[in-house]
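A short worksheet on the structure shown next.
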Ligand SMILES: NC(=O)c1ccc[n+]([C@@H]2O[C@H](COP(=O)([O-])OP(=O)(O)OC[C@H]3O[C@@H](n4cnc5c(N)ncnc54)[C@H](O)[C@@H]3O)[C@@H](O)[C@H]2O)c1
């Protein structure tokens, strides 16, 4: 008789994180976190579970809280069944979130895993003796914590500053996931479509490449002439901004800066254009101003699909995905970046936390990139598994 089990998405993601699984097997033997508590403030979603279970396998006691507005209740429930203490839950209330951060720090964890700098910024105000240091996942957290180095005075390794994170997640995974989001939201094809990508940084490079590989004609606009030259030499057309907007069937913004497309551009937009933002903040496309511009006749929304259509008085239609929020984390069934890219990023996390736990780092390593030897170790391990 065949035995069949109904497993969850969390199980699928855990199964897919092959590098973390291998790391967990090693940690079960080496116990790098034996007797230590790790406090974490990172998105509580299925991919994070794979990281936390790896740390637990290494002997850590874990106390976890989420980031603002991204905690998934199923993930919290799952973590609790695994004996992981979770403080708080999904909230958009900043005061409540800060309460969770304080409650976590009240437990004096020896090591912290931070995402956006909430934990270490608070540590700068209320240090405690047992803390050995930790990690910060993001660029925004790094920027926030850099001026606090003196007050923190402990090793803090910044995962986003690893070249692996830059190319595996920002370049390849964001590009794929924005491309997937366009199809997921719209169910429209990419073939022969004219796509304009604003921003040719790590995320823009991947986005431009994915649409090009899907038979779109891709243009790139970047304010930096050196980067624009790079796009040109990579084979993308690089028309001037107005022409790039005028010709586009699809416009993607991934710059990290506000007001990339504004109501002043309404006159340039092609009938039926689809506007997508992949940048962190929902201000790259000024959706609020576009909706109330004098040229607008009415605005339609399509159910739960996250598509809004602005009907202009001259008959043109402008479609906007997820109200200008990061499209790959919004709309129907948003899955975010690929499991493999997170497997790599979170293995960097696990190895950096192991290094902090070893006590071999000092305060000179406060808010610095991942050590080169950890990058090399993680890259070699991934290649061994996937070549
Ligand atoms: N959606 C996701 O899952 C995800 C993941 C990682 C990063 N991000 C976000 O994507 C954004 C871009 O990240 P990145 O790593 O590619 O940044 P980056 O700094 O490498 O690249 C940004 C590019 O935008 C260009 N730019 C700036 N202003 C511009 C303008 N007015 N017009 C045209 N180009 C302009 C810059 O010259 C630069 O080349 C950030 O907001 C980042 O937080 C999103």
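Would you work out if the chain is rounded, prolate or oblate? Take a ≥ b ≥ c from the square roots of the eigenvalues of the alpha-carbon gyration tensor; rounded if a/c is under 1.5, else prolate when a/b is larger than b/c, oblate otherwise.
Because a/c hits 1.5 or more and a/b exceeds b/c, the chain counts as prolate.
If packing is taken as the mean number of other Cβ atoms within 10 Å per residue, what is the order of 257-266, 199-208, highest first?
Top of the packing list down: 199-208, 257-266.
Under the classification rounded if a/c is under 1.5, otherwise prolate if a/b is larger than b/c and oblate if not, where does segment 171-329 fall, given a ≥ b ≥ c as square roots of the Cα gyration tensor eigenvalues?
It is prolate, given that a/c is not under 1.5 and a/b is the larger ratio.
In percent, what relative contact order does segment 239-279 have, based on Cα pairs under 8 Å that are 6 or more apart in sequence?
56 percent
Counting only DSSP beta bridges with both residues in segment 171-329, tell me the antiparallel percent, nearest 5.
In segment 171-329, DSSP labels about 40 percent of beta bridges as antiparallel.
With r defined as the distance between the Cβ atoms of residue 2 and residue 69 and R0 fixed at 51 Å, what FRET efficiency is calculated, to the nearest 0.05?
0.75
Give the relative contact order (percent, whole number) for segment 171-329; include only Cα pairs under 8 Å separated by 6+ residues.
Rounded, it is 21 percent for segment 171-329.
Give me the angle, in degrees from 0 to 90, between the Cα long axis of helix 372-386 and the longest principal axis of the Cα atoms of the chain, rounded to the nearest 10.
70 degrees
Test of understanding: what is the full-extension gain from residue 215 to residue 82, defined as 0.36 nm times their sequence separation minus their Cα-Cα distance?
Additional length available on full extension: 43.3 nm.
Per-residue counts of other Cβ atoms within 10 Å, averaged by peptide: what ranking do you get for 294-302, 116-124, 78-86, 282-290, highest first?
Taking the mean over residues of other Cβ atoms within 10 Å, the ranking is 116-124, 282-290, 78-86, 294-302.
Apply 1/(1 + (r/R0)^6) to the Cβ-Cβ distance of residue 166 and residue 363, taking R0 = 30 Å, and write down the FRET efficiency to the nearest 0.05.
0.70
Kindly provide the helix-only [θ] at 222 nm of the chain, computed as the sum of -39,500 (n - 2.57) over DSSP H runs of four or more divided by all residues, to the nearest 500 deg cm²/dmol?
Estimated from H runs of four or more residues: -11500 deg cm²/dmol.
So if we plug the beta-carbon distance of residue 223 and residue 183 into 1/(1 + (r/R0)^6) with R0 = 30 Å, what FRET efficiency do we get, rounded to 0.05?
Using R0 = 30 Å, I get an efficiency of 0.55.
For residue 30 and residue 91 in one chain, what is 0.36 nm times their gap in residues minus the Cα-Cα distance, to one decimal in nm?
Here the segment from residue 30 to residue 91 would lengthen by 18.3 nm.
Mind running the shape call on segment 97-183? Use the C-alpha gyration tensor, a ≥ b ≥ c as the square roots of the eigenvalues: rounded below 1.5 for a/c, prolate if a/b tops b/c, oblate otherwise.
It is prolate, given that a/c is not under 1.5 and a/b is the larger ratio.
Mind jotting down the distance between the C-alpha centroids of segment 177-237 and segment 91-112, whole Å?
Cα centres, segment 91-112 to segment 177-237: 39 Å.
Restricting the count to DSSP beta bridges whose residues both fall in the chain, what percent are antiparallel, rounded to a multiple of 5?
DSSP beta bridges in the chain are roughly 20 percent antiparallel.
Tell me the relative contact order for the chain as a rounded percent, counting alpha carbon contacts under 8 Å between residues six or more apart.
Dividing the mean separation by the residue count of the chain yields 16 percent.
Assuming 0.36 nm per residue, please report the length gained on full extension of the stretch residue 128 to residue 295 beyond their Cα-Cα distance. Write out the running numbers ahead of the final one.
On the way: separation 167, 0.36 × 167 = 60.12 nm, distance 5.78 nm.
The span from residue 128 to residue 295 would gain 54.3 nm if fully extended.
When the label point is put 7 Å from the Cα of residue 386 along its Cα-to-beta-carbon vector, which residues of segment 23-61 have a backbone N closer than 16 Å?
Counting backbone N atoms under 16 Å from the label point, the list is 23.
Coordinate-derived values only; no laboratory data. Nothing here was measured: the structure is a model prediction, and the numbers come from that model. With ideal geometry, Cβ positions are generated from the backbone for all residues, glycine too; neighbour counts draw on all protein chains shown.
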